[in-house]
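To keep things clear, I will list the structure first and then write my remarks on it.
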Amino acid sequence: MVRTLTAAALTLASILMTAMPVYAEGFIDFYLGAAITNDSDQKVSAPGFSATFPIAWDTSVTAGGRFGFWFESLEWVGLALDASFFRPDKDLTVFPVSALAMLRLPLLKDNDKGFPHGRLQPYIVAGPGLFISRADGNLGTFGSVSDTSVDLGVDVRGGLAFLITKNIAAFAEYRFTHVKPEFGFDVAGVKFKTETTLDTHHIVGGVGFRF
């Protein structure tokens with residue numbers, strides 16, 4: 001699974017690079033905001049034992065960046081590769097890497113002032129994500145535990161971009177991500193497995209560079 005997802009991400013990156021000659025507008029975006037993860041259940045299991053506990057996740061900072069392009073023949077269709085992070089718990093950090101298909105509505109076009117694709121651009125985005133989740137915890141007398149879970153998840157977004165100049169844009173964006181990581185820990189010779197769901201709402205703002 002990990003090899004397949006990694007190959008898919010590399011394939012998209014290759015497509016982005018090879019298709020650049022036919023792009024109408026390339027972009028690089030950077031963003032920062034808050035990640036709010038819904039409370040969920042955590043299932044803990046070990047040989048001869050299984051229990052489910054409610055867990056309240058923290059609101060955290062999220063930040064990331066993406067690069068991609070809008071097609072020349074279909075200026076409202078684009079592709080992008082995005083990488084970011086958020087921390088729903090002090091012991092858990094999540095790094096999503098998403099392959100995204102994008103749709104936009106080019107508004108306020110003005111060729112004379114350098115805005116042939118619109119100065120105001122509402123957009124929607126969706127795609128699969130490779131979520132790399134790292135859990136690190138301290139169990140006191142039992143010592144420290146850590147594990148990394150790599151899972152396929154979902155990334156859906158909607159936003160509004162405004163071009164301040166023909167090369168610089170500001171944008172605000174809502175993003176929803178879904179992933180179900182699983183971790184394995186060895187505590188005093190007993191192997192535990194934990195499973196949970198991370199449904200996260202991201203509210204971000206950022207700046208983009210168009211070329």
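The values are calculated or read from the model by the stated rules, or taken from the named source; none is laboratory data. The model shown is predicted, which means the values in this text are computed figures rather than measured ones. Cβ: placed from backbone, ideal geometry, glycine included. Neighbour counts: every protein chain shown. Ligands, DNA and RNA are excluded from the accessible area calculation, which covers all protein heavy atoms including side chains. Shrake-Rupley method; radii C 1.70, N 1.55, O 1.52, S 1.80 Å.
List of remarks:
- With a cut-off of 10 Å between beta carbons, the residues surrounding Lys43 carry a summed charge of -2, where Lys and Arg count +1 and Asp and Glu -1.
- Solvent exposure of Lys90, expressed as accessible area, is near 150 Å², computed with a probe of 1.4 Å over the protein chains only.
- Among the lysines of the chain, pairs that are 8 or more positions apart or on different chains and have alpha carbons within less than 23 Å of each other number 11.
- Computed over protein heavy atoms with a 1.4 angstrom probe, the accessible surface ordering of Leu32, Leu103, Leu92, largest first, is Leu32, Leu103, Leu92.
- Each other residue within a Cβ distance under 13 Å of Val77 adds +1 if Lys or Arg and -1 if Asp or Glu, for a net charge of -2.
- Cα-based helix-to-principal-axis angle, 2-18 vs the chain, degrees rounded to 10: 10
- Listed residues Val44, Val150 arranged by accessible area, highest first, probe 1.4 Å: Val150, Val44
- The heavy atoms of Tyr174 present about 100 square angstrom of accessible area, all protein chains included, probe 1.4 Å.
- Answer label, with semi-axes √(5λ) of the Cα gyration tensor in Å calculated from the coordinates and candidates (i) 36, 18, 14; (ii) 40, 17, 12; (iii) 27, 20, 18: (ii)
- Of His117, His202, the residue with the largest accessible area leads and the full order is His117, His202 (1.4 Å probe).
- Gain in span if fully extended, Phe53 to Ala101, counting 0.36 nm per residue against the direct Cα distance: 13.6 nm
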